[in-house]
There are 2 protein chains.
Amino acid sequence: MDITRIEAAAARLKGHARRTPLLGASALDEIAGRRVLVKPECLQRTGSFKFRGGWSAVSALPEAERKRGVIAFSSGNHAQGVALAAREHGAPAVIIMPSDAPTLKIENTKALGAEVVLYERGGREAREEIGDRLSKERGLTLIRPYDEPEVIAGQGTCGLEVAEQAAELGVSDAEVLVCCGGGGLTAGIALALEARAPGMQVRPAEPEGYDDTARSLRAGERLSNATEAGGLCDAILTPMPGALTFPITSRLCGPGVVVSEEEALRAMALAFRHLKVVAEPGGAVALAGALFHGDAHEAETVICTISGGNVDEAVFERALATLKG
Amino acid sequence: MDITRIEAAAARLKGHARRTPLLGASALDEIAGRRVLVKPECLQRTGSFKFRGGWSAVSALPEAERKRGVIAFSSGNHAQGVALAAREHGAPAVIIMPSDAPTLKIENTKALGAEVVLYERGGREAREEIGDRLSKERGLTLIRPYDEPEVIAGQGTCGLEVAEQAAELGVSDAEVLVCCGGGGLTAGIALALEARAPGMQVRPAEPEGYDDTARSLRAGERLSNATEAGGLCDAILTPMPGALTFPITSRLCGPGVVVSEEEALRAMALAFRHLKVVAEPGGAVALAGALFHGDAHEAETVICTISGGNVDEAVFERALATLKG
């Protein structure tokens, strides 16, 4: 994995993925006590950076393979990124989701033309078995959410944009906080910035209780979370850092920033008020780190990612309630 | 007023105003029955296109005049656009607001460094008298919200971007719905598109009861609204089309599109869900026109502006409630 692969992904994404802007607001700078710049990947197609990785992976397939179709395990943003990328390539997409996934996510994925196959958690057939069976029957190619070089390269295109946009603002030194699940976006951005903005330090941001990457970076080995399910920040909950992503993040990133769910909700509300963008809790943890964990930062400028593919209205109302009183 | 003045404004805005992206979502296309592209000026600095006009006007002043300061009458987005533009030019700004303006708007304006002077509606001293007195005492230059050539030129830079971004998507024919108050944005965009995308037709969008521009375009003369105050779409309520803007809009724009407050709230909710941006009711009327007044459109593509400088959380919750059931 290196910058060449990210640049090749950027060439394939051109005209298909959006170049999201780099936002900021003086009110946020005041809260953080330093300059805060925000890369709102909630404005990316399907509402999250996952479209970049999905497009990168689907577009990198040989045509014959792509025509047979792709398959992904995901209950959220990766599903939608792969589904839209596949549809626009004229390729079938099968998404395997747990039967207890929120209706919103299932409907959003179907609306993008994917065939959704539900499985029972702890049921007769594990999701991997279903995936294997369907892949063999139909010749589908599995697209992993982060442990897949072309996905990491696609997410890295977000880092290329950050480097260019920060340079336009005269910013070359910064901490870059990235909402981190399996580490695909974190690793991709870190590789891009290593080559294009070496004065920037990437730091993964995670919710309390699901800080596997922060702990793994400290330990120097992949550690898992005590629990997999639950939590408001479900968009970025993964069992442990990826086998492909961790060698990259452990070489280039850290230390991790860990925020509470309450802080993620407040960050969502402040993004609503001052940036006019809609984040989901898991997509707001980096902004929460920038705003509320100032003691953890050394750089004058903090850049952070936001995403918001599947925003539940009830959760958003909880976030807005933090603005009151 | 012509394209030269808009291009000069664009040169002055470069590096200061944001180039907002052009968004879209297939779910919105399906609702509208045609392609919908959205120019989210809520992502502009201060949350609305008014920053473009404010910056254009402040930056066009001779330095000696600018140093003495500027003054504006506004209870909302124009106030904030002028305030931030003045602050970044190192110029004092006085904003005259009604004493019953929402606290949110007063605080947002003060937070941008402006001196806010409140007046009583129907009080001893009319706001124009206060403005005249302060202007003379301090040598301040009045910046009108729309009947001001440099403000129209600044808003027109939004039209330059629309022309370029639509061309990148291969779109040259479209209806362009613009949220319309006094007509500064509508006139500016229409002038820009006349020169850069002559296949596009600009149509002002207004709320029911405040459709002075739609009626004026039909009548061929400036007509006023029956009432000035009140209504959810307060961001775009003005007594009648501007003396400078109407000759431009009557030459280039129409017919108008008129939407209900309920439709504006639903458009806010759909922008939240599918575009992840935050609009205010007055800044959502163009999207409401695009989504819910399909019979009024002939073009295959509808482009519309959004803004959202001062979004009240309670109003936003009302908008979200339209998604339920």
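Regarding A:T46, is this residue among the hydroxyl-bearing types (S, T, Y) and touching a helix residue (DSSP H, G or I) at 6+ places or on another chain (Cβ under 6 Å)? Considered against the rule, which asks whether it is among the hydroxyl-bearing types (S, T, Y) and touching a helix residue (DSSP H, G or I) at 6+ places or on another chain (Cβ under 6 Å), A:T46 comes out as yes. Among the residues of segment B:288-303, those identified as buried (at least 24 other Cβ atoms within 10 Å of the Cβ) and either in a strand (DSSP E or B) or within 14 Å of chain A (Cβ to nearest Cβ) (or both) are B:V302, B:I303. May I ask you to verify whether A:L223 is aliphatic (A, V, I, L, M), in a loop (DSSP other than H, G, I, E, B), out of contact with any strand residue (DSSP E or B) (no Cβ under 7 Å at 6 or more places or on another chain) and modelled with pLDDT under 95? In short, no. Among residues of segment B:304-325 being within 9 Å of chain A (Cβ to nearest Cβ) and of a type in the set (D, E, K, R), the one that is farthest from A:D312 (Cα to Cα) is B:E313.
Considering every residue within segment B:204-219, establish whether at least one is free of Cβ contacts under 8 Å to residues at least 40 places away in the same chain, within 22 Å of B:E150 (Cα to Cα) and outside any strand (DSSP E or B). Even if it seems obvious, please write down each step before you answer.
Taking segment B:204-219 and keeping what is free of Cβ contacts under 8 Å to residues at least 40 places away in the same chain, we get B:209-210, B:212, B:216-219.
Checking which are within 22 Å of B:E150 (Cα to Cα) leaves us with none.
Scanning segment B:204-219 turns up no residue that is free of Cβ contacts under 8 Å to residues at least 40 places away in the same chain, within 22 Å of B:E150 (Cα to Cα) and outside any strand (DSSP E or B).
Restricting the search to segment B:226-248, which residues are in a loop (DSSP other than H, G, I, E, B) and within 18 Å of B:A264 (Cβ to Cβ)?
Applying the first criterion (in a loop (DSSP other than H, G, I, E, B)) to segment B:226-248 yields B:226-233, B:237-244.
Of everything in segment B:226-248, those that are in a loop (DSSP other than H, G, I, E, B) and within 18 Å of B:A264 (Cβ to Cβ) turn out to be B:T227, B:A229, B:G230, B:G231, B:L232, B:C233, B:L237, B:T238.
Can you find a residue that is crowded, with 24+ Cβ neighbours inside 10 Å, touching a Pro at 6+ places or on another chain (Cβ under 9 Å), within 14 Å of chain B (Cβ to nearest Cβ) and not acidic (D, E) anywhere in segment A:85-97? Yes - at least one qualifying residue is present in segment A:85-97. With respect to the conditions (1) touching a helix residue (DSSP H, G or I) at 6+ places or on another chain (Cβ under 8 Å); (2) of a type outside the set (S, T, Y); (3) within 22 Å of A:A192 (Cβ to Cβ); (4) part of a helix (DSSP H, G or I), A:P255 falls short on a single one, namely (4). Restricting segment A:166-193 to residues that are assigned to a helix (DSSP H, G or I) and among the β-branched types (V, I, T), the residue that is farthest from A:S224 (Cα to Cα) is A:I189.
Looking only at segment A:140-165, count every residue that is within 14 Å of A:S48 (Cβ to Cβ) and in a loop (DSSP other than H, G, I, E, B) and tell me the total.
The total comes to 2.
Each row is one residue, and each column tells you yes or no for (1) in the same structural domain as A:F292 (by TED's automatic domain parsing); (2) under 21 Å from A:V311 (Cβ atoms).
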{"site": "A:S26", "(1), (2)": "yes, no"}
{"site": "A:R35", "(1), (2)": "yes, no"}
{"site": "A:E63", "(1), (2)": "no, no"}
{"site": "A:P98", "(1), (2)": "no, yes"}
{"site": "A:D132", "(1), (2)": "no, no"}
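Can you go through A:A27, A:A64 and tell me which one is surrounded by fewer than 20 Cβ atoms within 10 Å (Cβ to Cβ), over 19 Å from the mean Cα position of the chain (by Cα) and under 30 Å from A:A166 (Cα atoms)?
On the way: A:A64 fails: under 30 Å from A:A166 (Cα atoms).
A:A27 is the lone residue from the list that is surrounded by fewer than 20 Cβ atoms within 10 Å (Cβ to Cβ), over 19 Å from the mean Cα position of the chain (by Cα) and under 30 Å from A:A166 (Cα atoms).
State whether the residues of segment B:186-200 include one that is out of contact with any His (no Cβ under 9 Å at 6 or more places or on another chain), more than 23 Å from B:P281 (Cα to Cα) and among the acidic types (D, E). Yes, some residue in segment B:186-200 is out of contact with any His (no Cβ under 9 Å at 6 or more places or on another chain), more than 23 Å from B:P281 (Cα to Cα) and among the acidic types (D, E).
A single entry from A:A126, A:A163 fulfils the requirement of being more than 14 Å from chain B (Cβ to nearest Cβ) and crowded, with 17+ Cβ neighbours inside 10 Å: A:A163.
Kindly evaluate B:R133 against the criterion of being at pLDDT below 95 and surrounded by fewer than 17 Cβ atoms within 10 Å (Cβ to Cβ). Explain how you work it out, then say what you get.
Numbers: at pLDDT below 95: yes; surrounded by fewer than 17 Cβ atoms within 10 Å (Cβ to Cβ): yes.
In short, yes.
If you go through segment A:272-287 and pick out every residue that is in a loop (DSSP other than H, G, I, E, B), in contact (Cβ under 8 Å) with a residue 40 or more places away in the chain and either more than 10 Å from chain B (Cβ to nearest Cβ) or not small (G, A, S) (or both), you end up with 2.
Among residues that are within 20 Å of the chain's Cα centre (by Cα), away from chain A (no Cβ under 14 Å) and under 30 Å from B:E298 (Cα atoms), B:A101 is not included.
Counting only residues that are more than 9 Å from every other protein chain (Cβ to nearest Cβ) and closer than 20 Å to B:T141 by Cβ, give me the helices (runs of 4 or more DSSP H) lying completely in segment B:1-61 with at least 3 of them.
Values: elements: B:3-13, B:26-32, B:50-60.
It comes to B:3-13, B:50-60.
Every residue in segment B:258-271 that is within 14 Å of another protein chain (Cβ to nearest Cβ) and part of a loop (DSSP other than H, G, I, E, B), please.
Of the residues in segment B:258-271, the ones within 14 Å of another protein chain (Cβ to nearest Cβ) are B:265-266, B:268-271.
Within segment B:258-271, none qualify.
The residue that is farthest from the other protein chains (Cβ to nearest Cβ), counting only those in segment A:114-123 that are surrounded by 15 or more Cβ atoms within 10 Å (Cβ to Cβ) and not hydrophobic (A, V, I, L, M, F, W, C), is A:Y119.
Among the residues of segment B:237-249, is any within 14 Å of chain A (Cβ to nearest Cβ) and aromatic (F, W, Y)? Quick ask: steps written out before the conclusion?
Residues of segment B:237-249 within 14 Å of chain A (Cβ to nearest Cβ): none.
No: segment B:237-249 contains no residue that is within 14 Å of chain A (Cβ to nearest Cβ) and aromatic (F, W, Y).
When B:V315 is tested against the conditions (1) over 22 Å from B:G188 (Cα atoms); (2) among the β-branched types (V, I, T); (3) not in a helix (DSSP H, G or I), the lone failure is (3). Among residues of segment A:92-103 that are more than 17 Å from A:E129 (Cα to Cα), those with a Cβ under 8 angstrom from a residue that is basic (K, R), sequence gap 6+ or separate chain, pair up as A:P92/A:R68; A:P92/A:R138; A:A93/A:R87; A:D100/A:R121.
Cβ-Cβ distances below 7 Å connect the following pairs, each with a first residue in segment A:235-257 that is on the phi > 0 side of the Ramachandran plot and surrounded by fewer than 24 Cβ atoms within 10 Å (Cβ to Cβ), a second residue that is part of a strand (DSSP E or B) and not polar (S, T, N, Q), and a separation of six or more residues or different chains: A:G254/A:R203.
The values are calculated or read from the model by the stated rules, or taken from the named source; none is laboratory data. Source: prediction; values computed, not measured. As a convention, Cβ positions derive from the backbone with ideal geometry for all residues, glycine included, and neighbour counts pool all protein chains shown.
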